[in-house]
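Scroll down for the structure; my scribbles are underneath it.
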Amino acid sequence: MTEHPKFYPTVVHMLQQAVIEFGDALAIKYEDRQLSYIQYLRCVAGLSRRFQTFNNGQTLIGERIAFICGNSIEMAVGLFAGHASGAQVVPINPIYTLRELNHILSDAEPIGVIYDEDIASLVQPLLEDLKITYHIKVGKKLGELFDVWKNEEQITLPHVPEPDAYATLQYTGGTTGLPKGVNITHRQLSTNISQREASWPTLEGVERVLCVMPLFHVFASSMALHLAVYCKGQLHILNRYRPDTVLNTISEEKITILPVGPTIFIGLMGYEKFDSTNFSSLRIAYSGSAPLPEETLQRWKEATGCPILEGYGQSEAGPVVSAVSEGSALIAGSVGKPLIDTTVEIVDVETGTQVLEAGRQGEIRVRGPQVMSGYRNRPIETTDALRGGWLYTGDIGEFDDLGNLYIRDRKKDMVIVSGYNVYPREIDEVLYMHRDVSDAATVGILDNYRGEVICACVKLHNGSLVTSQDLISFCEQHLASYKVPVEVDIVDEVPKTTVGKIDKAAVKKLFSS
């Protein structure tokens, strides 16, 4: 597709149009609950009015609402309602520890917080400490549900946001060890949805999209939540990944679009019921968040008859930058070509100004209408990332002679574990918090299932009796589970270069030998 697909000023406008054209059609299904499009909009309207009570009934322009929730109807309705209230939404991983939540909430300064009932004991004392007065606990047992407005025919949206207002504050890993908040406007968000459609066209009113990736993650919000409304299709939400549930849902609900990360593709193909699953409805699968092995691509296509199309992106870029277009030949290792209205260049790592020809590796820089406005409260890092109208991604790549993009490495010291970005510096800082650790170095090691895993080596103070398992347990108290090292080696000296810097290559050899 070379023409520009339909564009909506904001995702709220997009939902309104879906109601006009497909009001009575099924929009969302989650466990034993479901909403039509008209019910979806009523719930968004009701909740957005509830949010505005945080500000004496006034619009929440300039404010933020944080969502610390797993996958559910509440998360889907909540994100749209946040936009419709005028607020900037802040999706946060609900498995984060107190330390991680404290940093993000302190930085984002939300006017209100929505959180799952099963993490109330962790979240509520933190909200009190941070003096966040307005909050809603969600859940079937002791919390609230956000579909209570589905039959209120007279309720209307209180606010439709302006395209250039902030839509989302998406936190992503930081090389300083602390996540950075990426400011994305409604126009940037909606533009990227339309750009994605040019490479991966959908069938209006037909698609059934499976959402198993977490909705706090930019991949799921872009490729499931928003994609489903854009194409006026059905969104089938699963609370979490379980291979039997995923396979049953694909078959029973006649799923047509499956957007997941490499770990799930690999996990499904290794599950005993994979070969007996009916994949006849599945039209396309999208892979993001981490590179996909060629073997996985080919085996999946042979077993299901459905191709996997890969793309490349990051939170700072709206998030999608490039994609293997539907109908194009499979090129192993490539993440396709830049999206419509997106320019990608490979430049020298040293200065970032010399554009390199095809076949040469360098830093990927991106220019396009979907690129972020900047980082919240991080002027120096914003200036470093956004230079001369370009977003410098920190990823190393190259083009082939046909203009296909390949991701070769990462300039930044980042590890991708099961699709999640992890910065070793953050794990180092947690290890240094332990009183017995005098030196530490964390690296990512290739793993056939999770892509990479975290490993660390530490030097202890003289006389310490701390064990590797003690240090892993310590990390479990302060880090989300996917950031916790699978192995911690206690060494006499952490490998260093001749100028005293951590020798990452030498550290990796400790775990790959």
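How many residues are open to solvent by less than 60 Å² (accessible area, probe 1.4 Å) and over 30 Å from W300 (Cβ atoms) when one looks only at region 324-348?
Qualifying residue count, region 324-348: 4.
If the requirement is being touching a residue at least 40 places away in the same chain (Cβ under 8 Å) and farther than 30 Å from L101 by Cα, which of these qualifies: R42, R64?
On the way: R64 fails: farther than 30 Å from L101 by Cα.
Within the list R42, R64, the selection yields R42.
What is the number of the single condition among (1) modelled with pLDDT of 90 or more; (2) over 21 Å from the mean Cα position of the chain (by Cα); (3) more than 30 Å from E63 (Cα to Cα); (4) open to solvent by less than 50 Å² (accessible area, probe 1.4 Å) that E357 does not meet?
In the conditions (1) modelled with pLDDT of 90 or more; (2) over 21 Å from the mean Cα position of the chain (by Cα); (3) more than 30 Å from E63 (Cα to Cα); (4) open to solvent by less than 50 Å² (accessible area, probe 1.4 Å), E357 misses (4) alone.
Residues that are of a type outside the set (F, W, Y) and under 26 Å from the mean Cα position of the chain (by Cα): does region 146-153 have at least one?
If we filter region 146-153 for residues that are of a type outside the set (F, W, Y), which is where we start, we get 147-148, 150-153.
Adding the requirement that they be under 26 Å from the mean Cα position of the chain (by Cα) leaves 147.
Checked against the condition, which is being of a type outside the set (F, W, Y) and under 26 Å from the mean Cα position of the chain (by Cα), region 146-153 yields at least one hit.
Only one residue in V229, V246, V218, V260 is of a type in the set (V, I, T) and without any contact (Cβ under 8 Å) to a residue 40 or more places away in the chain, so which one is that?
Only one candidate passes the filter, namely V246.
Looking only at region 234-262, which residues are part of a loop (DSSP other than H, G, I, E, B) and either open to solvent by 30 Å² or more (accessible area, probe 1.4 Å) or among the small types (G, A, S) (or both)? Walk me through how you get there before you give the answer.
The first filter runs over region 234-262 and keeps only residues part of a loop (DSSP other than H, G, I, E, B), leaving 238-242, 253-256, 261.
Scanning region 234-262 gives N239, R240, Y241, R242, E253, K254, G261.
List the strands (runs of 3 or more DSSP E) inside region 1-100, counting only whole elements, that have at least 2 residues being open to solvent by 20 Å² or more (accessible area, probe 1.4 Å).
Those strands (runs of 3 or more DSSP E) span 26-30, 33-36.
Taking only region 271-289 into account, find how many residues are touching a residue at least 24 places away in the same chain (Cβ under 8 Å) and either under 12 Å from L247 (Cβ atoms) or open to solvent by less than 30 Å² (accessible area, probe 1.4 Å) (or both).
Adding up the residues that qualify gives 13.
Of the conditions (1) of a type in the set (S, T, Y); (2) closer than 30 Å to T353 by Cβ; (3) open to solvent by less than 30 Å² (accessible area, probe 1.4 Å), T383 clears all except one; give me its number.
(3)
Name, by its number, the condition in (1) out of contact with any His (no Cβ under 6 Å at 6 or more places or on another chain); (2) open to solvent by less than 10 Å² (accessible area, probe 1.4 Å); (3) not in a helix (DSSP H, G or I) that does not hold for T202.
Failing condition for T202: (2).
Regarding F265, is this residue over 23 Å from N192 (Cα atoms), open to solvent by less than 40 Å² (accessible area, probe 1.4 Å) and in a loop (DSSP other than H, G, I, E, B)?
On the way: over 23 Å from N192 (Cα atoms): yes; open to solvent by less than 40 Å² (accessible area, probe 1.4 Å): yes; in a loop (DSSP other than H, G, I, E, B): no.
Against the criterion (over 23 Å from N192 (Cα atoms), open to solvent by less than 40 Å² (accessible area, probe 1.4 Å) and in a loop (DSSP other than H, G, I, E, B)), F265 does not qualify.
Which members of region 14-38 meet the condition of being farther than 16 Å from L238 by Cβ and either modelled with pLDDT under 95 or of a type in the set (F, W, Y) (or both)?
Matches in region 14-38: F22, Y37.
Name the pairs whose Cβ atoms lie under 6 Å apart, with the first residue in region 406-427 and on the phi > 0 side of the Ramachandran plot and open to solvent by less than 60 Å² (accessible area, probe 1.4 Å), the second outside any strand (DSSP E or B) and of a type in the set (A, V, I, L, M, F, W, C), and 6 or more positions between them or separate chains?
G419/A290
From (1) open to solvent by 20 Å² or more (accessible area, probe 1.4 Å); (2) at pLDDT below 95; (3) part of a loop (DSSP other than H, G, I, E, B), pick out the condition that doesn't hold for L292.
(1)
If you take just the strands (runs of 3 or more DSSP E) that sit entirely in region 130-197, which of them hold at least 2 residues that are open to solvent by 60 Å² or more (accessible area, probe 1.4 Å)? Before the answer, list the steps.
Values: elements: 134-138, 166-172, 180-185.
Correct list: 134-138.
The values are calculated or read from the model by the stated rules, or taken from the named source; none is laboratory data. In this text the structure is predicted, and so the values were computed from the model without any measurement. No Cβ is skipped: glycine too gets one built from the backbone with ideal geometry, and neighbour counts run over all protein chains shown. When the accessible area is computed, the model is the full protein with side chains, heavy atoms only, and any ligands, DNA or RNA have been set aside. Shrake-Rupley method; radii C 1.70, N 1.55, O 1.52, S 1.80 Å.
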